[in-house]
Amino acid sequence: MDSMEVRRSANYHSTFWDIDSIRALLARRDCTVAAALSHDHHKRLKETVQRRLQDITQPHHLLGLIDAVQRLGVAYRFEEEISNALDGLHSENTKHAIKDSLHHTSLYFRLLRQHGCNLSSEKEGGGFKASLCEDAMGL
C-alpha cells in the first residue's frame, strides 16, 4: 500500500459562488414561497368572509360582521356582498328583531344610512326604555 495511485486531473475550475451568494438565492426563494403561501391564505380568508356575509341569518351577527369589516378597512373588497346583506336587512324590516339592543339598533341605523337608506329615527312614544340602561355596549 505504499504505492500512490496516480489520477488524472479533470481541470475543474473553482466556483464563483461564495456562501453569501448561495444564502441570497435561498432567501429569495423563501420569500417567493412565502408570498405564494400568503396569497393563497389571503384568498381563502376573502372567500370565508364572502361566504359569511351571505350565510349569516341573524341580524345582530351580520351587523357586527359588516361593522368589523368596515373598521378593518377592507370593506371595499366586499362592497357587493355588504350591499346585498344590507338590502336584505332593510327589506326584511329587521328593526323589530334588534330592538332590545341599543348597540345593534344604532349599528342598524348607521350602516343602513351609510348605504343610502332613509330611515326615520322617530319613536312612536318618544321615550327611552329603562331596560336599555343596562346595555353598556350600546351606551
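The values are calculated or read from the model by the stated rules, or taken from the named source; none is laboratory data. Being a predicted model, the structure only gives us computed values, none of them experimental. All Cβ positions, glycine included, derive from the backbone under ideal geometry; neighbour counts span all protein chains shown.
Residues are listed down the side, and each one gets a yes or a no for (1) at pLDDT 85 or above; (2) in contact with a Ser or Thr (Cβ under 6 Å, 6 or more places away or on another chain); (3) among the hydroxyl-bearing types (S, T, Y):
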| residue | (1), (2), (3) |
| --- | --- |
| R52 | yes, no, no |
| G64 | yes, no, no |
| L72 | yes, no, no |
| F78 | yes, no, no |
| E81 | yes, no, no |
| S91 | no, no, yes |
| S121 | no, no, yes |
| E124 | no, no, no |
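Pairs linking a residue in segment 8-35 that is in a helix (DSSP H, G or I) to a residue that is among the hydrophobic types (A, V, I, L, M, F, W, C) and modelled with pLDDT of 70 or more, with Cβ atoms under 9 Å and 6 or more positions apart or on different chains, are L25/W17.
Within segment 71-86, the set of residues being without any contact (Cβ under 8 Å) to a residue 12 or more places away in the chain, part of a helix (DSSP H, G or I), farther than 20 Å from N118 by Cα and not aromatic (F, W, Y) comprises R71, L72, A75. Can you find a residue that is among the β-branched types (V, I, T), surrounded by 13 or more Cβ atoms within 10 Å (Cβ to Cβ) and touching a helix residue (DSSP H, G or I) at 6+ places or on another chain (Cβ under 6 Å) anywhere in segment 59-68? Yes, some residue in segment 59-68 is among the β-branched types (V, I, T), surrounded by 13 or more Cβ atoms within 10 Å (Cβ to Cβ) and touching a helix residue (DSSP H, G or I) at 6+ places or on another chain (Cβ under 6 Å).
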